[in-house]
Structures are given as structure tokens and as C-alpha cells.
Amino acid sequence: MCRDAPGERQPAIGKDVTQRIFVPMNQSRSYAGQFLLALPGMEDMRFDHSVVAICVHDENGALGISVSEQIEGVGLHDLLDSFDIDARNVPDLPVLRGGPVEPRRGFVLHSLDWKGHDMVEVGPDWGLSGSLEILKAIAEGTGPSRYVVALGYAGWGAGQLDREMTGESWFPAECTSDILFNVPPDKKWAAAYAAAGVDASHLVSGAGSA
């Protein structure tokens, strides 16, 4: 997965990805607004111990942002600097590895006290934005009060996530704003399981999923 510093090649921010994938729901069950927690049986090691916030899940596929791993050597200041946005008044928060798809495309998961033109409300108290508008607002001190920034996303084709949910890859759990915004990335996996009443240290391969 790409680990280039943003300054080496300017990352994209959202553009038409959110507009293209957000379409009406027709299926009986959607995991949008939930966490998917990697189970010990996860075969794709890119998602080992991952916590993915699912933003879209419909008949055309699914899109989620992994929030459990930060990109080493890349902070929010690097990302803002790559767009010539003054970062002096912003904490240099970690930038997360959102997933293996389009790893230079940026997304922000944030509280709903800020709403831009491309913001999509996902959960009762959080949404997804993917434009420069939100980065500029954060830098100017007029953005959301809580947010996490990620590069890349996890994507599933039509029916793909539904099939994975019948195996030993993912455990669905409530996506709480406290875990999403307040728990450090490397602690989210155990914290999300604990919030679901599961001691992650006791998990073994074959424990089951949804």
C-alpha cells in the first residue's frame, strides 16, 4: 500500500467518488454507519486487526474508511501543506490509512456540527466529506469539532461485502463517535470489540461473524 509522503505527489481529496457511489438503498440489510471489525480468520492481511467505518453499502457495493492504522511519517500538516493550506493553527494529527483503493485520495470522517456541499451524513452523529472545502475549514478553525483524516478507502463490488459477511472475515459492531474520534487508531480494534461485549484477547479463528 502506498506510503509516499503527500508532498511527493499531491493527493486528491474525494472529488467525484462520494457523488458516484452514494445511491438509493434497495437491499434488505446495510452495514452503512457501522464498524466492521476484522476477525482472526481474515485472509486479507491488509485488513488484519482493522476497524472499518462503513460509509456506503447498497446494491452497487460498499465503501468504508479504515480508522485503525496511521500512515507513518505523514501528518495533517503534510497533507495541508501539499495543498498550500496554512497549517500553523491546526494540531498535527496523524493521517490514517483508509484502505488500499486510491491511496492518495483523501477523506474526512467528522462530527455533524460542520456540513459542506459534498458532506454525506452516515451515522447519527458523524458524516463523510471528501473535498478541499473541509480541509480549508479545519485550517481556518471553522471546521468540525471532531474529525479523522484518511488517505484511501476500502471498496467492495456488488454483493461482495454481503458474501464476506457470511464467512470469517468481519464482525459488525456499533460505530460510536467516542471510539471513532477519541480512541487512538491502534486501540480502536480492541475498544470496538469491548463495546460490543467481546474480549478481543479471547478471539480465535473460526469464532464466526455476522
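The values are calculated or read from the model by the stated rules, or taken from the named source; none is laboratory data. What you are looking at is a predicted structure, and each value in this text was computed from that prediction instead of being measured. Neighbour counts run over all protein chains shown; Cβ positions are idealised from the backbone, glycine included.
Going residue by residue through the stretch 109-124, is there one that turns out to be touching a helix residue (DSSP H, G or I) at 6+ places or on another chain (Cβ under 7 Å), aliphatic (A, V, I, L, M) and either buried (at least 19 other Cβ atoms within 10 Å of the Cβ) or at negative phi (or both)?
Yes, the stretch 109-124 contains at least one residue that is touching a helix residue (DSSP H, G or I) at 6+ places or on another chain (Cβ under 7 Å), aliphatic (A, V, I, L, M) and either buried (at least 19 other Cβ atoms within 10 Å of the Cβ) or at negative phi (or both).
Considering (1) touching a Cys at 6+ places or on another chain (Cβ under 8 Å); (2) surrounded by 23 or more Cβ atoms within 10 Å (Cβ to Cβ); (3) not aromatic (Phe, Trp, Tyr), say which one Ile138 fails and leave the rest.
So the condition that Ile138 fails would be (1).
Scan (1) within 24 Å of Leu39 (Cα to Cα); (2) of a type outside the set (Phe, Trp, Tyr); (3) surrounded by fewer than 22 Cβ atoms within 10 Å (Cβ to Cβ) for the single condition Ala150 breaks and write down its number.
Tallying (1) within 24 Å of Leu39 (Cα to Cα); (2) of a type outside the set (Phe, Trp, Tyr); (3) surrounded by fewer than 22 Cβ atoms within 10 Å (Cβ to Cβ), Ala150 fails exactly one: (3).
If you check every pair at least six apart or on different chains, which have Cβ atoms under 6 Å apart with a residue in the stretch 40-61 that is surrounded by 17 or more Cβ atoms within 10 Å (Cβ to Cβ) and part of a strand (DSSP E or B) first and a residue that is of a type in the set (Val, Ile, Thr) and modelled with pLDDT under 95 second?
Pairs found: Val56/Ile21; Asp58/Val23.
Take the residues of the stretch 153-183 that are under 28 Å from His77 (Cβ atoms) and among the aromatic types (Phe, Trp, Tyr): which is surrounded by the most Cβ atoms within 10 Å (Cβ to Cβ)?
Tyr153
Would you mind finding the one in Gly73, Gly106, Gly141 that is of a type in the set (Gly, Ala, Ser) and either in contact with a Pro (Cβ under 7 Å, 6 or more places away or on another chain) or closer than 21 Å to Gly33 by Cα (or both)?
Sole residue among the options that is of a type in the set (Gly, Ala, Ser) and either in contact with a Pro (Cβ under 7 Å, 6 or more places away or on another chain) or closer than 21 Å to Gly33 by Cα (or both): Gly106.
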